[in-house]
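The values are calculated or read from the model by the stated rules, or taken from the named source; none is laboratory data. These figures come from a predicted structure and were not determined experimentally. Glycine also receives a Cβ, built like all others from the backbone with ideal geometry; neighbour counts cover every protein chain displayed.
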Amino acid sequence: MIAIIDYGMGNLKSVHNAFKYIVPSITSVVTSDPNVINSADRIVFPGQGAMPDCIREIEERGLKDAIINAAAKKPFLGICIGLQMLFDKSDEGDITGLQILKGSVRRFISGKEKIKIPHMGWNSVSHKNNHPLWRNISSEERFYFVHSYYVKEEESGIVQGQTEYGQTFTSAIAKDNLFACQFHPEKSGSAGLQLLKNFSSWVC
Amino acid sequence: MTLSKRIIPCLDVTNGRVVKGVNFVDLQDAGDPVEIAKNYNEQGADELTFLDITASSDDRDLILDIIESVAKQIFIPLTVGGGVRSVNDIRRLLNAGADKVSINTSAILNPELVREASNRFGSQCIVVAIDAKKVDDHWEIFTHGGRNKTGIDAIEWTKKMVDYGAGELLITSMDRDGTKSGFDLELTQLISDSVEVPIIASGGVGNLSHLVDGVKFGKADAVLAASIFHFGEFSIRDAKDYMKKNDVEVRL
């Protein structure tokens with residue numbers, strides 16, 4: 001069973017719809033129950049909106065421990081803010097993250113090369129490693145992004161994908177049983193569905 | 001490779017069917033929304049916009065059914081606009097499966113709605129749509145399909161909407177809409193240069209070079225069109241091939 005963690009921020013229906021469509025034989029549930037999260041085989045940790053609101057909702061709903069426990073042992077997929085929250089801290093509201101990974105979350109700055117913020121639309125992801133979640137997905141494939149902040153990791157070797165937007169930023173990371181991406185696989189057409197399918201059978 | 005320019009077909013929906021306006025009157029039927037959405041997805045559309053032009057409030061909920069059906073089968077961003085009046089309207093559309101909601105007239109009647117909605121749901125899902133017309137040497141915002149003049153300056157208004165939390169702007173030139181003579185490039189470029197958020201150019205596309213112009217000269221981040229795609233004149237793929245040939249970064 002795949003548990004999609006619901007902490008009241010944003011619409012999780014599209015993530016759920018995408019799993020039902022691409023792996024109909026696997027049960028997926030949207031849940032805010034720590035017991036369901038504890039008993040699930042796989043965890044999807046989505047997120048949209050502002051990171052301070054997301055962290056606050058997670059804490060208020062008593063989900064923080066369940067998320068940290070799941071991230072320590074089960075196949076775990078973070079999406080968008082669900083990637084950002086894994087890190088130590090964010091410039092957005094100067095907030096502390098879940099501190100599962102070392103690094104910080106920073107805002108894009110429109111500098112010499114003028115860029116629009118949020119970074120919104122289809123951008124290419126260049127693979128840095130041959131991770132099982134990239135199976136049947138080409139390097140440089142485009143995925144759908146919408147975000148104003150990006151992660152800057154401190155550990156070497158966790159970067160799985162990089163994207164160009166005014167600068168090169170980390171668009172996917174992986175470590176042990178964790179995989180997390182800045183883009184939205186549930187909104188990235190067939191490439192995104194392939195990634196979700198890969199996640200649903202990932203043995204880590 | 002970097003961020004690609006988006007091509008967004010717009011589906012005008014009334015009473016559960018897709019129609020396309022010519023200057024917002026004289027509607028012609030072009031079919032079933034779910035079938036059309038699927039078809040556009042297969043052609044490589046980067047996003048889909050549904051504009052609900054249903055007049056009667058009794059039939060407004062039909063758009064929720066449409067979005068729900070489309071969101072179960074199509075996994076690209078979906079935007080819905082038309083008749084969005086309250087935070088509750090926005091919530092219902094997002095819950096039905098919309099990724100973004102576009103607010104037009106209601107933002108003018110109640111700008112706080114934009115602030116409230118972006119605080120509640122995040123800027124990423126709030127698009128502010130404007131209908132602008134040139135009046136003397138500047139552009140003004142019009143409502144009700146271009147009939148009502150508001151006296152509001154378009155550039156000032158878009159800046160204000162971004163301050164209030166709009167994550168994207170959809171700019172329609174009422175001088176060009178339905179004319180097939182191309183986007184109002186001057187308007188689009190002025191707005192694009194004055195705000196940080198992405199902008200979508202709309203209104204007036206008659207051929208593929210208009211799409212290229214919208215990006216190159218209008219500085220749009222995305223281009224929206226309806227009739228050139230609906231009646232099979234050009235496919236999305238034709239548009240992308242043409243844009244690529246003209247050095248515009250596209251997703252193929």
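Tabulated data for the structure shown
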{"quantity": "Answer from B:107, B:37 - the residue that is over 23 Å from residue B:229 (Cβ atoms), surrounded by 23 or more Cβ atoms within 10 Å (Cβ to Cβ) and without any contact (Cβ under 8 Å) to a residue 60 or more places away in the chain", "calculated": "B:107"}
{"quantity": "Test set (1) over 24 Å from residue A:204 (Cα atoms); (2) away from every other protein chain (no Cβ under 13 Å); (3) not basic (Lys, Arg) - residue A:77 fails condition number", "calculated": "(1)"}
{"quantity": "Output for the stretch A:27-42, where each listed residue is surrounded by fewer than 20 Cβ atoms within 10 Å (Cβ to Cβ) and either over 27 Å from residue B:64 (Cα atoms) or within 11 Å of another protein chain (Cβ to nearest Cβ) (or both)", "calculated": "A:33, A:34, A:35, A:36, A:38, A:39, A:41"}
{"quantity": "Flag for residue B:133 being over 17 Å from the mean Cα position of the chain (by Cα) and either crowded, with 16+ Cβ neighbours inside 10 Å or assigned to a helix (DSSP H, G or I) (or both)", "calculated": "no"}
{"quantity": "In the stretch A:161-185, residue surrounded by the fewest Cβ atoms within 10 Å (Cβ to Cβ) [restricted to those that are away from every other protein chain (no Cβ under 14 Å) and assigned to a loop (DSSP other than H, G, I, E, B)]", "calculated": "A:176"}
{"quantity": "Restricting the stretch B:170-181 to residues that are surrounded by 19 or more Cβ atoms within 10 Å (Cβ to Cβ) and not aliphatic (A, V, I, L, M), the residue that is nearest to residue A:147 (Cα to Cα)", "calculated": "B:172"}
{"quantity": "Residue, surrounded by the most Cβ atoms within 10 Å (Cβ to Cβ), within the stretch A:1-22, restricted to residues that are modelled with pLDDT of 95 or more and away from chain B (no Cβ under 13 Å)", "calculated": "A:5"}
{"quantity": "Only listed residue being of a type outside the set (Val, Ile, Thr), within 20 Å of residue A:119 (Cα to Cα) and in a loop (DSSP other than H, G, I, E, B), chosen from A:48, A:99", "calculated": "A:48"}
{"quantity": "Close pairs (7 angstrom Cβ cut-off, 6 or more residues apart or separate chains): part of a helix (DSSP H, G or I) in the stretch B:183-195, of a type in the set (Lys, Arg) anywhere", "calculated": "B:188/B:219; B:189/B:219; B:192/B:219; B:193/B:219; B:194/B:159"}
{"quantity": "Any hit, the stretch A:146-160, residues being within 13 Å of chain B (Cβ to nearest Cβ) and either farther than 26 Å from residue A:57 by Cα or out of contact with any helix residue (DSSP H, G or I) (no Cβ under 9 Å at 6 or more places or on another chain) (or both)", "calculated": "no"}
{"quantity": "Which numbered condition residue A:110 fails, given (1) within 16 Å of the chain's Cα centre (by Cα); (2) closer than 27 Å to residue A:165 by Cα; (3) assigned to a loop (DSSP other than H, G, I, E, B)", "calculated": "(1)"}
{"quantity": "Criterion violated by residue B:200 - all others in (1) in a loop (DSSP other than H, G, I, E, B); (2) touching a residue at least 60 places away in the same chain (Cβ under 8 Å); (3) closer than 23 Å to residue A:118 by Cβ; (4) of a type outside the set (Phe, Trp, Tyr) satisfied", "calculated": "(1)"}
{"quantity": "Residues (on the phi > 0 side of the Ramachandran plot and charged (D, E, K, R)) located in the stretch B:172-228", "calculated": "B:180, B:219"}
{"quantity": "Near pairs, Cβ below 8 angstrom, 6+ apart or cross-chain, from the stretch B:80-99 (facing chain A (nearest Cβ under 9 Å) and under 15 Å from residue B:122 (Cα atoms)) to any residue that is modelled with pLDDT of 95 or more and in a loop (DSSP other than H, G, I, E, B)", "calculated": "B:99/B:77"}
{"quantity": "Test: residue in the stretch B:140-153 that is surrounded by fewer than 19 Cβ atoms within 10 Å (Cβ to Cβ), within 20 Å of residue B:45 (Cβ to Cβ) and in contact (Cβ under 8 Å) with a residue 12 or more places away in the chain", "calculated": "no"}
{"quantity": "When residues of the stretch A:48-62 are limited to those that are touching a strand residue (DSSP E or B) at 6+ places or on another chain (Cβ under 7 Å) and crowded, with 18+ Cβ neighbours inside 10 Å, the one nearest to residue A:172 (Cα to Cα)", "calculated": "A:51"}
{"quantity": "Residue B:250 buried (at least 18 other Cβ atoms within 10 Å of the Cβ), hydrophobic (A, V, I, L, M, F, W, C) and under 18 Å from the mean Cα position of the chain (by Cα)", "calculated": "no"}
{"quantity": "Answer residue from the stretch B:41-79, given it is under 17 Å from residue B:223 (Cβ atoms) and of a type in the set (Gly, Ala, Ser) and is surrounded by the most Cβ atoms within 10 Å (Cβ to Cβ) among those", "calculated": "B:45"}
{"quantity": "Top-ranked residue in the stretch B:233-244 [being touching a helix residue (DSSP H, G or I) at 6+ places or on another chain (Cβ under 6 Å) and assigned to a loop (DSSP other than H, G, I, E, B); ranked as nearest to the other protein chains (Cβ to nearest Cβ)]", "calculated": "B:235"}
{"quantity": "Qualifying residues in the stretch B:103-127 (those that are assigned to a strand (DSSP E or B) and within 14 Å of chain A (Cβ to nearest Cβ)) - the one nearest to residue B:51 (Cα to Cα)", "calculated": "B:127"}
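Condition check ((1) within 14 Å of chain A (Cβ to nearest Cβ); (2) modelled with pLDDT of 95 or more; (3) crowded, with 19+ Cβ neighbours inside 10 Å) across all residues:
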position	(1), (2), (3)
B:168	yes, yes, yes
B:183	no, yes, yes
B:191	yes, yes, yes
B:212	no, yes, yes
B:226	no, no, yes
B:231	no, no, no
